[in-house]
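> Let me give you the structure first, and then I'll get to my questions.
The values are calculated or read from the model by the stated rules, or taken from the named source; none is laboratory data. Note that this is a predicted model, so its numbers are computed, not measured. Backbone-built Cβ (ideal geometry, glycine too); neighbour counts: all protein chains shown.
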Amino acid sequence: MPANVPPGGLHKPPVTDRPANNDDIEGIHSLLSHYASLGALLPRARTEIEENLSHFRVIEQQGEIVACGSLEHFTDELAEIRSLMVTEGSKGQGLGRAIIDSLIRVAREREVGRLMALTYVPDVFHKFGFKTVNKEIFPEKIWGICVNCYKFQNCDEIAVLLEL
Ligand SMILES: CC(C)(COP(=O)(O)OP(=O)(O)OC[C@H]1O[C@@H](n2cnc3c(N)ncnc32)[C@H](O)[C@@H]1OP(=O)(O)O)[C@@H](O)C(=O)NCCC(=O)NCCS
């Protein structure tokens, strides 16, 4: 169920937190391309976003996507937060917190036991109780996905894990 969340307080336009739909593909891809070009996130092809659209949640404000993130399952027990991002103009207003809270809530509803992420901003995840861990404990991720990444040999992302 979509939920209205007020991270910015009463003076901010209301935001809607909801699952992504086909109309969001362009917005998600464009935001991801922006942060990939800055090296903040790994790039994902538009087709990959289309194929994984059901994993994404978005936060919309005044008809625009201002934040998004995806929840991708490796197993029933282990899932990953990926493609977490907030538009440049909307950072620092609690929208990152809102999308992470939303993805954690969905993971709990699905009874996922462990939620992980690979990130350059571990401190953001630490705010939610994630702990920094060794990547090697996620062979599903390393040998299923990372092995195809151009950074595989020199990965500098940090693994974080939340036990739900
Ligand atoms: C990381 C990102 C999603 C945070 O979104 P945001 O809306 O600015 O974050 P919020 O305002 O909700 O802040 C949530 C908490 O994280 C903290 N935080 C935000 N950015 C941070 C950073 N770069 N480093 C450390 N802490 C940070 C905030 O202080 C806040 O803590 P608090 O609630 O205790 O005050 C956003 O900066 C972004 O899109 N960055 C580019 C893409 C990226 O790096 N994504 C992460 C990939 S895993």
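> Just to be sure, is ALA98 within 13 Å of the ligand (Cβ to nearest atom) and out of contact with any helix residue (DSSP H, G or I) (no Cβ under 6 Å at 6 or more places or on another chain)?
yes
Residues are listed down the side, and each one gets a yes or a no for (1) surrounded by 19 or more Cβ atoms within 10 Å (Cβ to Cβ); (2) at pLDDT below 95; (3) on the phi > 0 side of the Ramachandran plot:
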position	(1), (2), (3)
LEU53	no, no, no
ILE59	yes, no, no
ILE81	yes, no, no
MET85	yes, no, no
GLY92	no, no, yes
ASP101	no, no, no
LEU115	yes, no, no
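> Which residue pairs have Cβ atoms closer than 9 Å, lie 6 or more positions apart in sequence or on different chains, and pair a first residue in the range 120-132 that is more than 22 Å from ASN154 (Cβ to Cβ) and assigned to a loop (DSSP other than H, G, I, E, B) with a second residue that is more than 6 Å from the ligand (Cβ to nearest atom) and among the acidic types (Asp, Glu)?
PHE128/ASP101; GLY129/GLU163
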